[in-house]
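First comes the structure, then the notes that go with it.
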Amino acid sequence: MTALAIRNASVFYPVPGKPSVHALKNINFEIHEKEFVVALGASGCGKSTLLNLIAGFMAPSEGEISLNNRIITGPGADRSVVFQKHALLPWLNVLDNVAFGLKIQGHNKEKREKIARNFIALLGLEQFEQSATYQLSGGMQQRVGIARALTSDPDILLMDEPLGALDALTRERAQELILKIWRNTGKMVFFITHSVEEALFMGTKLIVMSPRPGRISHVFDLPFSQRYFETGNARAIKASADFIDLREKILQIIFTDESGDEHE
Ligand SMILES: Nc1ncnc2c1ncn2[C@@H]1O[C@H](COP(=O)(O)OP(=O)(O)OP(=O)(O)O)[C@@H](O)[C@H]1O
Ligand SMILES: [Mg+2]
């Protein structure tokens, strides 16, 4: 079943006194149930713009985006966003941060704490429920952000470089955690990263984007996360010959884009 559909979407950003920026040109793709779609591409190719369209933070200049056959016209509880900076509320403890969206939605204290505790446990944060968020490490703060995003039971999780600020070891652990959550919850995921290795490891589908104007240049189906669920050995997968071959192929595509070689 097609759940998210992006049809002929283009975005022009107006710039005072200059020609407008053509941030996205004629984007077409779909995210199906249980897919984990990763977007990769040179800086400025329009990845965040695309995520913002799906989130409903902005409207496309042309085209349309729909979720479960309903056109997206603004933000909604069927989509949750996890940003690179977790955007937690420093005056609230972990439990209240995770439950915050439910409070806004008007759920009573008992209900929202029950739901929040479920996701706090899923993210392995039980011991930190009462902690202030500034007492947590960056990786733990990001887990709080993910728990909060899950509380509204969205159809799709939108993640814009969620692991970009983490050290290498924490990042690898967080990748595995997100994959397990994705499998356990069955959510669709749209995930932006600058790391080719992370993209290949996590996605079931990879879209590679090119800049000026932003567009999708390549699409790959990926087998590696499935392999991870079968073997549990992330490092061995990332060191395997077919993983490395594809990684080098994609790096080549992106470096060619970065050096200004236009495809049009
Ligand atoms: N509000 C805005 N006004 C004008 N131009 C913008 C605006 N937001 C983004 N742009 C431009 O649109 C293009 C796409 O930006 P976007 O942030 O979507 O890229 P990105 O792929 O997410 O980049 P990065 O990898 O650096 O995060 C860039 O050229 C950017 O400068
Ligand atoms: Mg971005």
Failed condition for LYS34, given (1) under 25 Å from LEU179 (Cα atoms); (2) outside any loop (DSSP other than H, G, I, E, B): (2)
For the stretch 133-171, which residues satisfy the criterion of being modelled with pLDDT under 90 and within 16 Å of ligand 1 (Cβ to nearest atom)? PRO162, LEU163, GLY164, ALA165
Residue satisfying all of: in the stretch 182-194; modelled with pLDDT of 95 or more and within 16 Å of ligand 2 (Cβ to nearest atom); farthest from LEU4 (Cα to Cα) among these: THR193
Which listed residue, of ARG227, ARG215, ARG235, is modelled with pLDDT of 90 or more and in contact with a helix residue (DSSP H, G or I) (Cβ under 6 Å, 6 or more places away or on another chain): ARG227
Has the stretch 216-223 got any residue that is in a helix (DSSP H, G or I) and farther than 30 Å from ILE115 by Cβ? no
State whether one or more residues within the stretch 83-90 are within 16 Å of ligand 2 (Cβ to nearest atom), under 18 Å from VAL208 (Cβ atoms) and of a type outside the set (A, V, I, L, M, F, W, C). no
Residue by residue through the stretch 99-141, note down the ones that are of a type outside the set (Phe, Trp, Tyr), touching a strand residue (DSSP E or B) at 6+ places or on another chain (Cβ under 9 Å) and over 17 Å from ASP78 (Cα atoms). GLU129, GLN130, SER131, ALA132, THR133
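The values are calculated or read from the model by the stated rules, or taken from the named source; none is laboratory data. Because the structure is a prediction, the values reported are computed rather than measured. Counting neighbours? That spans all protein chains shown, and the Cβs are built from the backbone with ideal geometry, glycine included.
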